[in-house]
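The values are calculated or read from the model by the stated rules, or taken from the named source; none is laboratory data. Computed from a prediction, not measured in an experiment: that's the story for all the values here. We place every Cβ from the backbone using ideal geometry, glycine too, and count neighbours over all the protein chains shown. Heavy atoms of the whole protein, side chains included, go into the accessibility calculation; ligands, DNA and RNA do not. Shrake-Rupley method; radii C 1.70, N 1.55, O 1.52, S 1.80 Å.
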Amino acid sequence: MKVVLQNLTKIFPSRSKKAGEEVIAVNDFTLEIPDGKLIGLLGPSGCGKSTTLYMISGLQKPSGGKIFFGDDDVTDLSAENRGIGLVFQNYALYPHMTVKQNIMFPLQNLKGADKLTKEEMIDRAYYAAKLVQIDNLMERKPSELSGGQQQRVAIARALVKMPKVLLLDEPLSNLDARLRLQTREEIRRIQKETGITTIFVTHDQEEAMSISDMIVVMKLGVVQQTGKPQEIYDNPTNLFVAKFLGTPPINVFNGKVENGTLYIGNDAVLNVGDVADQDVWVGVRPEGFTPDENGGLVCNLNNIEVMGRDVSVVSTHEASVNPIVRSIINTDNKIDGSSETIKYTLKPHKVFIFNKETEERIYFEVK
Amino acid sequence: MKKKNVNSTSALKVMEERDINKVSSSQKVAKVFGQIGVYAFLGIMALIVLFPFYFMIISSLKSLEEYRLAVPTLIPQAWKFQNYTDILIPYEWAEANGWVGTVVSYDAVNNNFDLFTLFRNTMFVGIVSTIFSVVITVLSAFAFARLEFKGKNVLFAALLGTMMIPGELFTITNYATVMTKDGWFPNFFNGLGNMFGAFGPDFQLPMVDSSYAALIIPFLVSVFYIYLLRQNFLQIPNELYLAAKVDGTSDIKYLWKVMIPLALPTIISITILKMMGAWNSYMWPRLVANDEAHRLITNGLRNAFSDVSGNTDYPRQMAAVALVSIPLFLVFIFLRKYIMKGVSRSGIKG
């Protein structure tokens with residue numbers, strides 16, 4: 001089922017009577033989510049991603065805009081009638097029920113023609129449990145399960161009524177690092193197996209990039225960029241998106257464009273064609289540096305961290321916004337660790353320049 | 001040289017062990033004395049608490065003459081078990097079977113203690129008021145904990161404010177409200193009892209009249225229990241409610257399937273405390289239901305054993321009190337876990 005969000009807006013009224021204190025949690029969000037895809041809503045905390053999820057689930061009413069499931073307008077439909085599955089950050093399992101009762105709970109609430117017999121309910125519950133591989137834990141109480149197992153129960157409970165849309169609210173944030181890696185692949189597998197359109201919320205860009213078909217980057221209630229993970233990484237529309245995606249993070253410098261040449265500090269680094277003369281932010285991905293005796297960018301070398309396949313070179317530059325400049329260099333390049341400075345040339349497609357005020361991307365053609 | 005070394009270390013070890021033993025034995029002594037102190041204290045307290053019960057039981061087994069001795073005996077000189085049979089067996093029945101003078105006393109004829117009626121009345125009032133009270137408490141606690149409506153906080157604060165008024169203050173006004181001859185209680189509930197007049201001119205629904213209504217209705221709402229349960233409901237995380245919404249439940253189904261099971265210990269405590277309250281109430285029943293048909297057990301115990309000259313037959317009264325205490329005693333034995341929980345949560349009630 002495809003999901004369409006049309007100018008979705010959520011405004012929380014101010015607590016006091018004073019005007020102007022209201023919070024715009026989500027501002028004019030328009031997005032079409034294709035059927036059967038896994039979408040990651042990504043952003044720092046407080047950017048409105050959870051609010052968006054709750055509006056899709058029907059737990060919160062939008063202040064404006066519309067939500068469509070397929071061709072049906074579900075904007076005014078309450079959560080219990082919307083037929084979605086939702087997995088909460090803390091799982092929200094019913095503590096007094098066994099795993100089986102937890103999974104069967106949504107089925108017991110079906111009404112009318114959808115009503116199931118007890119046997120059908122048990123069959124469906126076991127089917128969902130097998131999908132997440134917890135069918136051997138059916139008689140346990142949630143308190144007797146580990147975090148990862150509880151998480152699977154929550155997913156099984158969300159899946160059991162075969163929802164049109166599956167929503168996951170920070171599903172991995174309560175798991176330890178190893179389990180997180182394993183579970184995110186699990187979520188991907190389950191999503192592929194069931195083909196349910198899935199939207200999940202996270203503040204972890206690595207998590208979002210690794211399993212999503214498409215990610216939506218949000219900031220302060222406004223969508224910054226939508227697209228495939230690699231496209232967004234390679235082509236950020238503004239400084240925020242460029243800074244938010246990627247580990248290690250992008251290196252940002254104060255720079256300027258003069259007569260078609262890009263300067264970082266006083267170092268001329270790149271020919272950027274017909275960009276008008278101005279002060280800019282320059283973002284360079286860590287993999288965008290090539291050590292070169294004749295390179296334009298001169299940094300003070302601090303140390304070299306060996307990682308096997310690559311080395312990570314830590315240096316400083318007076319125009320850098322971050323305290324250090326970190327570059328990832330292939331070990332084919334020999335670097336003299338005893339040298340005071342290191343010179344780089346930059347790979348043009350790994351360099352982004354942004355307007356100093358608006359922080360919007362300035363596109364340039366490499367000559 | 002080496003041997004000496006070994007010797008000295010082993011000697012050291014022995015000394016060390018002795019020290020350890022010394023410390024541990026002195027600790028042991030302190031612990032034993034501490035325990036003796038604690039148990040002695042608990043024992044004395046238990047004696048103080050249990051003495052009234054002991055006195056009730058021995059008094060119930062004395063003759064009236066022995067009871068009236070200036071120096072009370074701690075063990076009855078003659079055990080008079082007839083005190084119990086006198087109040088348990090109706091005199092006419094004993095007479096018909098020729099038991100007078102053996103199973104029951106000769107003067108049992110003076111008894112006007114009708115244990116069965118008192119018991120039935122009390123059970124009826126206790127059970128009905130407990131059921132309604134628990135339903136009302138659960139629903140209002142749910143509303144105050146979960147629902148959003150205008151004036152919720154003001155209303156709740158006002159309800160809590162009523163707890164500041166001592167019950168004695170509104171006893172008389174309550175009486176005036178519900179029991180005046182032309183008030184709505186007598187009109188409404190006696191009318192309700194007569195509703196099925198078609199069954200015959202004298203047909204009256206059993207146990208439906210203004211006296212029972214007055215015994216039950218004014219105390220159905222307990223602000224304190226609502227407060228207690230609301231606090232309990234508030235501890236249930238919000239996500240469970242949202243999850244249940246997504247899973248397709250209505251509010252009432254969520255209350256029934258999730259909140260009540262989770263708050264069950266508190267609800268059981270409330271039920272028991274309410275039941276005990278109904279069983280023990282004295283002043284209000286004496287005001288509104290002081291006739292043969294409606295009298296409750298506490299008032300029955302007070303009234304039944306005084307003769308016209310004002311002399312009270314204490315041994316039989318004590319026997320009756322002992323019998324009446326049994327249900328409460330059983331409740332306490334079997335449900336003390338829940339009672340303790342309710343009491344310790346409330347801090348004051350009991």
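One residue alone among A:160, A:165 is under 33 Å from the mean Cα position of the chain (by Cα) and under 16 Å from residue A:188 (Cα atoms), and that residue is A:165.
Looking at A:10, A:49, A:37, which is the one that is away from chain B (no Cβ under 14 Å) and touching a Pro at 6+ places or on another chain (Cβ under 6 Å)?
Details: A:49 fails: touching a Pro at 6+ places or on another chain (Cβ under 6 Å); A:37 fails: touching a Pro at 6+ places or on another chain (Cβ under 6 Å).
Every option except A:10 fails the conditions.
Filtering the range A:23-77 to residues that are under 18 Å from residue A:88 (Cα atoms), open to solvent by 20 Å² or more (accessible area, probe 1.4 Å) and among the small types (Gly, Ala, Ser) leaves A:45, A:46, A:50. Count of the range B:112-144 residues, restricted to those that are touching a residue at least 12 places away in the same chain (Cβ under 8 Å) and open to solvent by less than 60 Å² (accessible area, probe 1.4 Å), is 21. In this entry, residue B:147 passes the filter for residues that are modelled with pLDDT under 90, open to solvent by less than 80 Å² (accessible area, probe 1.4 Å) and either among the hydrophobic types (A, V, I, L, M, F, W, C) or in contact with a Pro (Cβ under 6 Å, 6 or more places away or on another chain) (or both).
Scanning the range A:197-212 turns up no residue that is open to solvent by 50 Å² or more (accessible area, probe 1.4 Å), farther than 26 Å from residue A:243 by Cβ and part of a helix (DSSP H, G or I). Of all residues in the range B:226-255, those satisfying the criterion of being more than 13 Å from chain A (Cβ to nearest Cβ) and either more than 16 Å from residue B:139 (Cβ to Cβ) or open to solvent by 40 Å² or more (accessible area, probe 1.4 Å) (or both) are B:227, B:230, B:231, B:234. Within the range A:264-304, the set of residues being over 18 Å from residue A:315 (Cα atoms), crowded, with 17+ Cβ neighbours inside 10 Å and in contact with a Lys or Arg (Cβ under 9 Å, 6 or more places away or on another chain) comprises A:272, A:280, A:281.
Out of the residues in the range A:52-73 that are in contact with a Ser or Thr (Cβ under 7 Å, 6 or more places away or on another chain) and at positive phi, which is nearest to the other protein chains (Cβ to nearest Cβ)?
Our first condition is that a residue be in contact with a Ser or Thr (Cβ under 7 Å, 6 or more places away or on another chain); within the range A:52-73, this holds for A:58, A:60, A:62-67.
Subset that is at positive phi: A:58, A:65.
Values: A:58: 8, A:65: 21 Å.
Selected residue: A:58.
So, in the range B:256-265, exactly how many residues are open to solvent by 20 Å² or more (accessible area, probe 1.4 Å) and either β-branched (Val, Ile, Thr) or more than 27 Å from residue A:108 (Cα to Cα) (or both)? Steps first, answer last, please.
Taking the range B:256-265 and keeping what is open to solvent by 20 Å² or more (accessible area, probe 1.4 Å), we get B:256-257, B:260-262, B:264-265.
Checking the rest, the ones that are also either β-branched (Val, Ile, Thr) or more than 27 Å from residue A:108 (Cα to Cα) (or both) come to B:260.
The total comes to 1.
Against the test of being closer than 20 Å to residue B:124 by Cα and of a type in the set (Ser, Thr, Tyr), the options B:309, B:325 yield a single qualifying residue, B:325.
Residue by residue, here is whether (1) out of contact with any strand residue (DSSP E or B) (no Cβ under 6 Å at 6 or more places or on another chain); (2) at the interface with chain B (Cβ under 7 Å from one of its Cβ atoms) holds:
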{"site": "A:75", "(1), (2)": "no, no"}
{"site": "A:79", "(1), (2)": "yes, yes"}
{"site": "A:83", "(1), (2)": "yes, no"}
{"site": "A:96", "(1), (2)": "yes, yes"}
{"site": "A:99", "(1), (2)": "yes, no"}
{"site": "A:102", "(1), (2)": "yes, no"}
{"site": "A:105", "(1), (2)": "yes, yes"}
{"site": "A:109", "(1), (2)": "yes, yes"}
{"site": "A:112", "(1), (2)": "yes, no"}
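The conditions of being open to solvent by less than 40 Å² (accessible area, probe 1.4 Å) and within 25 Å of residue A:157 (Cβ to Cβ) are met by residue A:85. Within the range A:255-275, not a single residue is closer than 15 Å to residue A:348 by Cβ, polar (S, T, N, Q) and under 32 Å from the mean Cα position of the chain (by Cα). Within the range B:205-223, the set of residues being at pLDDT below 75 and open to solvent by 40 Å² or more (accessible area, probe 1.4 Å) comprises B:205, B:206, B:207.
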